[in-house]
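Only one structure is covered here, and it is reproduced in the block below.
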Amino acid sequence: MIPAIVVFIYLAVVVYIGVFAFQKSRGSEGAEGYFLANRSLGTFVFLLSLFGTNMTAVAILGSSGHAFTNGIVTYGLMASSSGLVIPLTIFLIGTRVWALGKKYGFITPVQMFRDRWECGHIGTLIFAVQAVLLVPYIIIGIMGGGTTLSAISGGFVPYWLGGAVVAVVVMSYVFFGGMRGTAWVNTFQTILFLVFGVIALGVIGAGMGGFQASAEALGSAPATSWLLTRERFSPYVFFSYTFIPLSAIAFPHILIFCLTAKKMVQFKKTVIFYPLCILLIWLPCVFLGVMANRVSDVPAIRAKQEARRVLATQGKALEPEQRDELREKAAGDDVILLLLERYAPLWLAGILGAGIMAAVMASDSQILALSTMFTEDVFAFYGGKRRFGEAVQVQTGRAFVVVLTILAYLVALRAPETIFEIAIQYAFSGFAALSPLMVAALFWRGSTKWGALASTVWVACAVASVAFFQQTVPAPAPGPPLVVWTLGSTEVLARTPNGTSIFGFMPVVPMVLISALLMFVVSLVTSKPRRETVEKYFSKA
């Protein structure tokens, strides 16, 4: 229980930071203070909190689990493209959103869409789709917290209790501290993991006998040499992953964080240091996930390796339910925690576990973003703020935080897929396909609300269709995909072991391209906003 106790102490510190932020702003906090910290975050807090809110359980547990199953290619799939695309979109889009928000008082992206395209109820639909797509991301944070506490305590804290503890802690400091508390906690958490992530890499590496020897052993053994290659991913799938980072700038919590900066110059250092922060987090996690395949003295990891072997050799002869059970046993979301338990001293395992917990708890920003959007885009837009006042608006936001956290926790208890799969298939793909809305609103004078409506409806239908398809058609055993639809000799639609394939690409590719095409074509043939509205966004002044 020593590592678990250290983590609980860390959680108590996090709650204190949120309560301290509440006390700091008490008596002078309106809607903009609670939801945007009065647009006053300094450079250091802005950089680390913006980065921290985007580095969730996917970056820690999801990346190491994916690397355990698929090899070093995980870093190329996500970290390399993210290190280029995300800073670029923050520079091109985040700065413009900040300037418009400061000038016109926007608090949420939907407020800007409504003003830019002169749309009311269409903005409500955009909010609804964004909210539904953001819930899986919140679920991921609770899943990661439950997994972390369960593994660190050696199972003494069950998954359901660990998830509940994380949900209550996150709900507490978001409820009290708002954006200021969330930003301070994210800053503290990011520092914690950046420091102790490097320590974890060194400690576990030394315990395993050195990473060079482990990597050479993996590469020389025929059964594991593929872990150091891109063997399991076709060029089409590898290319598909370059579309995933487009989701970052479409995430409401990222855009809302962009509005909290005190000065425009703060974006400059963020763009410069963001790729370095990605390197410091993703590289240790991916490398540890790969090297876990060399571990033979940890029973839980051996069980995962055996389940994966049975799935690969006998999977085709098994029933879908049996394959799903084996996939769950072989999932590597907790391998980095098992390595920590095996190779680090108890006291250090607790500190490093707290560092990992810091990263997986970034669901706070998503919860606050949804609360902000609900109170601004629904409650205030439909007259609630005018009728009941700003104080009631803030309290409504706090109540929404509680309801949303409870809902996410209940879903997390039943979520069968791995953290990585949930993020890629639903949250990332959906928001990547919504990115054309932001680009069109900011950079194309001819875009219209009807183009935005067409793109939004398409994204909602596409995500729902992928989810329905994957629930209807069971995932096949590792190996060739299960082809469902062909056109001549061309494979159109297939069910893969990890998801869905469309013309060989992941669904995110056609989702983004068709979304952009609909925005363009429908905007060309529909009426434009008033000239003064367009000039408001595109005049030289």
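Annotations
- Total residues in region 165-182, condition of a type outside the set (V, I, T), under 19 Å from L149 (Cα atoms) and in contact with a Leu (Cβ under 8 Å, 6 or more places away or on another chain): 0
- A303 of a type in the set (G, A, S) and either closer than 20 Å to L77 by Cα or assigned to a strand (DSSP E or B) (or both): no
- Qualifying residues in region 483-519 (those that are of a type in the set (F, W, Y) and under 28 Å from the mean Cα position of the chain (by Cα)) - the one nearest to F431 (Cα to Cα): F505
Let's see how each residue does on (1) part of a helix (DSSP H, G or I); (2) under 24 Å from the mean Cα position of the chain (by Cα); (3) surrounded by 15 or more Cβ atoms within 10 Å (Cβ to Cβ); (4) in contact (Cβ under 8 Å) with a residue 12 or more places away in the chain:
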{"residue": "Q130", "(1), (2), (3), (4)": "yes, yes, yes, yes"}
{"residue": "T147", "(1), (2), (3), (4)": "yes, yes, yes, yes"}
{"residue": "G162", "(1), (2), (3), (4)": "yes, yes, yes, yes"}
{"residue": "G178", "(1), (2), (3), (4)": "yes, yes, yes, yes"}
{"residue": "F188", "(1), (2), (3), (4)": "yes, yes, yes, yes"}
{"residue": "G209", "(1), (2), (3), (4)": "no, no, no, no"}
{"residue": "P222", "(1), (2), (3), (4)": "no, no, no, no"}
{"residue": "T242", "(1), (2), (3), (4)": "no, yes, yes, yes"}
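- For region 99-128, the tally of residues that are among the β-branched types (V, I, T) and either outside any helix (DSSP H, G or I) or touching a strand residue (DSSP E or B) at 6+ places or on another chain (Cβ under 7 Å) (or both) stands at 2.
- Residue match in region 74-87 (condition: without any contact (Cβ under 8 Å) to a residue 40 or more places away in the chain, closer than 25 Å to Y34 by Cα and in a helix (DSSP H, G or I)): no
- Scanning region 149-160 for residues that are under 20 Å from L340 (Cα atoms) and assigned to a helix (DSSP H, G or I) gives L149, S150, A151, I152, Y159.
- Options F267, F257, F233; residue that is in a helix (DSSP H, G or I) and surrounded by fewer than 24 Cβ atoms within 10 Å (Cβ to Cβ): F267
- In region 218-243, the residues that are out of contact with any helix residue (DSSP H, G or I) (no Cβ under 6 Å at 6 or more places or on another chain) and among the small types (G, A, S): S220, A221, A223, S234
- With a requirement of 2 or more residues that are over 30 Å from S527 (Cα atoms) and in contact with a strand residue (DSSP E or B) (Cβ under 7 Å, 6 or more places away or on another chain), the helices (runs of 4 or more DSSP H) lying completely within region 376-494 that satisfy it span 449-472.
Coordinate-derived values only; no laboratory data. Quantities reported herein were computed from a predicted structural model and do not represent experimental measurements. In this analysis, Cβ positions are derived from the backbone assuming ideal geometry, glycine residues included, and neighbour counts consider all displayed protein chains.
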